[in-house]
Each structure stands twice: as C-alpha cells, then as structure tokens.
Amino acid sequence: MRSPTRTHVTAFAISAAILVAGCSGSDINASRSASSVKGELFLEPVADQGPAPFTDSTARTAETPAPVTRTPQPSAPGSTTAEGGYVTAGDTPGLYGGTQSVGSCDVEKQVAFLTADQAKERAFASASGISQASVPGFLRGLTPVVLRSDTRVTNHGFRSGEATGFQSVLQAGTAVLVDERGMPRVRCACGNPLKPPVAFRGTPRPHGQQWSGYRPTEVVVVTPAPQIITNIVIVDITDSTWIERKAGDEGRHDRPVPPPPSPSHTSRPPSSPSTSPSSSACPTPTQPDGAPTTSPSPSGCPSPSTSASQPPSSGSSSPATDSQSPPATSPDSPDQPDSGGLVPDATSVADVHDS
C-alpha cells in the first residue's frame with residue numbers, strides 16, 4: 001500500500017515546481033539546479049528537438065494521445081502541487097499510453113547514437129547516475145511509452161561536452177522511456193536524460209512555444225512507484241483500450257487487459273458502530289416460553305420474523321449482514337496502485353494539436 005506520508009513529503013519537496021521546458025539547451029549545471037533558481041521553465045512541444053539535443057530523434061510517434069479523464073475522487077493531502085497540478089505515482093494505470101505491439105521509441109537506435117559518441121555517452125551516464133559502461137543495458141531495461149499528460153521533469157541538453165540541466169514540462173504525446181518505478185528517464189525526440197523536477201524559488205517564467213490545451217494546473221509530476229513494476233498498464237492511443245506491457249519490452253509481448261476498476265468499486269465501507277449494535281445489544285427473537293417477542297428491535301437487529309423458528313426467505317438478508325457484504329468483483333489490473341488513477345475517454349480519441 002502506498003504510504004500517504006511518503007507521498008506528502010515528496011509532494012512538499014516539489015510543491016513550488018510546475019511549469020515548462022524541453023530539449024532546448026541551457027548553460028546550467030544540473031547539480032546546482034540553477035534553472036529553478038532563475039525561475040526558467042521551458043515549454044517543449046511533442047516533436048521539437050530544441051537546439052542542444054543529445055541525439056537525433058528515436059521517437060516512432062508524434063501524436064497527441066486521447067484526453068485524460070480523471071476518476072472523480074477526493075484530493076488526498078500532498079496529491080497536488082502548489083500551482084494546482086497533480087502528483088501521481090509512476091505505476092498509475094493510464095498515466096502513460098502507447099500503441100499495441102509498437103514501441104514509442106527505437107531503443108536500439110538510441111543505444112547506437114549514444115555509444116557512437118564517447119563524450120555524449122559519458123555525459124548521459126553522469127546525468128542519469130550510472131556508469132558509462134552500463135548505458136546500453138540501462139537503455140534496454142527501460143520501457144517505451146508516451147505521456148498522456150503534460151509532465152514536469154528536469155531535462156538535460158548537451159553543451160560543451162557536458163549535460164546541462166534545466167526545468168521543463170513535456171507536452172502530452174511525448175515519447176519517453178520509463179524505468180522500473182515508472183519514472184521518465186529519456187526523451188526520445190532528442191535523446192535527453194530526464195530526472196525528477198526541482199522546486200522553484202519564486203514564480204517560474206515560461207519559455208518556448210505554448211501548445212493548445214496547455215494548462216499549468218493540469219501538469220503532472222510523477223513520483224516513483226512504491227514497488228518495482230513488472231507490467232505497466234497503459235492506454236492504446238489509437239482506440240482508448242487498455243494494454244499490459246512488460247517492463248523493458250518494446251511492445252512485442254503486449255496483451256489487452258480489462259479497464260482498471262474505479263475507486264468507487266474497489267471498496268465498500270463497513271457499517272458505522274453507531275447504527276449497527278453488537279449482538280449482545282439485540283433482544284432474543286423469542287421469549288423463554290417460546291412465544292414471539294413483541295418488543296421493538298433496535299436499528300440493525302434482526303426482526304422477530306427472521307428468528308430461527310421463522311427462517312428468512314431465499315435472497316433476503318438483515319441490514320447488518322448486507323452492510324458487511326464483500327465488494328463487487330472488479331476486473332484484474334496488474335500492478336495497479338491503491339487509487340483509481342487516470343481513466344481515459346472510452347469513446348473518443350483526441351485530435352492532434354498543432355504545436
């Protein structure tokens with residue numbers, strides 16, 4: 001079960017962050033998070049590489065996916081950022097999309113691009129927190145998907161032989177590679193390494209081209225899934241059906257799965273103690289001489305008509321029994337978190353917005 005305290009702490013640490021960036025470069029060292037200090041946020045449309053990409057594009061799609069319709073539910077503490085955006089765990093069903101049996105990125109091409117340039121491979125490894133020798137294996141262990149919401153990240157351009165970090169929001173529809181916790185790690189349109197966002201000191205200033213439908217209050221900040229993901233549940237952006245994709249797979253083993261249950265179907269509250277008296281507080285249905293009792297029964301107690309001498313008819317139940325019945329069966333959804341997550345529009349696919 002996801003820890004509410006952990007979610008709240010994570011959200012608080014990034015609560016000041018929520019605007020925009022992309023693959024455009026900036027002479028800023030990632031370890032100093034200078035872009036957050038300066039308040040620079042870079043808007044990055046789906047297919048725009050920017051002036052300082054690590055590699056050529058390896059993205060196989062540049063489509064805007066179906067709109068995200070969030071299941072109505074109360075906002076938990078720490079579930080939103082200071083600007084009104086959403087904090088969402090990386091294993092949330094429907095957070096990402098894709099096309100069945102098709103990876104959104106060409107991983108082998110990404111490996112080839114980086115390993116062909118030692119300076120870029122070294123800078124990529126440094127920004128990703130891995131060794132240079134492990135870059136090919138790291139990339140092959142990631143899962144290609146597309147974002148279904150505008151998503152806030154720390155992006156990295158390549159300048160003067162180094163990875164330069166800056167704060168960014170990537171447009172929904174952007175092809176990315178995600179890790180075993182559901183965190184975006186590579187932007188496929190430019191090969192840039194990605195990391196979690198850093199909080200701003202003051203009001204952020206957006207830079208770059210704003211796209212149709214961009215809303216700062218609907219930007220998503222992804223936090224690591226509490227457990228390692230073996231199968232990620234995504235939405236097919238071509239028809240809004242649901243797919244299970246193995247972690248580290250480019251779609252060869254995709255399989256259709258039922259939609260995840262909404263939060264309203266995942267649990268059923270028990271009866272309140274104030275309205276369901278204990279069995280000791282309920283009168284016996286018959287008197288000692290065997291005659292039916294005539295005294296009224298407290299709320300929640302069996303009535304005399306349901307005593308042992310007069311069994312209830314088939315299909316009936318007492319209020320206490322009915323209030324404690326198990327929840328209705330819901331479709332299985334592998335690796336589903338405790339909350340309902342993001343549910344797509346089941347009947348329509350969004351038009352592609354010109355960026």
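Name the one entry in THR99, THR115 that is in contact (Cβ under 8 Å) with a residue 60 or more places away in the chain and either farther than 30 Å from ARG255 by Cβ or among the β-branched types (Val, Ile, Thr) (or both).
One residue alone meets the criteria, THR99.
Each row is one residue, and each column tells you yes or no for (1) open to solvent by 10 Å² or more (accessible area, probe 1.4 Å); (2) under 22 Å from the mean Cα position of the chain (by Cα).
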{"residue": "VAL87", "(1), (2)": "yes, yes"}
{"residue": "GLY94", "(1), (2)": "no, yes"}
{"residue": "GLN100", "(1), (2)": "yes, yes"}
{"residue": "ASP106", "(1), (2)": "yes, no"}
{"residue": "LYS109", "(1), (2)": "yes, no"}
{"residue": "ALA119", "(1), (2)": "yes, no"}
{"residue": "GLY129", "(1), (2)": "yes, no"}
{"residue": "LEU142", "(1), (2)": "no, yes"}
{"residue": "ARG152", "(1), (2)": "no, yes"}
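Being polar (S, T, N, Q), out of contact with any helix residue (DSSP H, G or I) (no Cβ under 7 Å at 6 or more places or on another chain) and surrounded by fewer than 19 Cβ atoms within 10 Å (Cβ to Cβ) narrows it down to one of SER168, SER240, SER160, so name that one.
Residue meeting the stated conditions: SER160.
The values are calculated or read from the model by the stated rules, or taken from the named source; none is laboratory data. None of these values were measured; they are calculated from a predicted model. Reconstructed Cβ throughout: ideal geometry from the backbone, glycine too, with neighbour counts over all protein chains shown. To get the accessible areas, we keep the full protein, side chains included, count just its heavy atoms, and leave off ligands, DNA and RNA. Shrake-Rupley method; radii C 1.70, N 1.55, O 1.52, S 1.80 Å.
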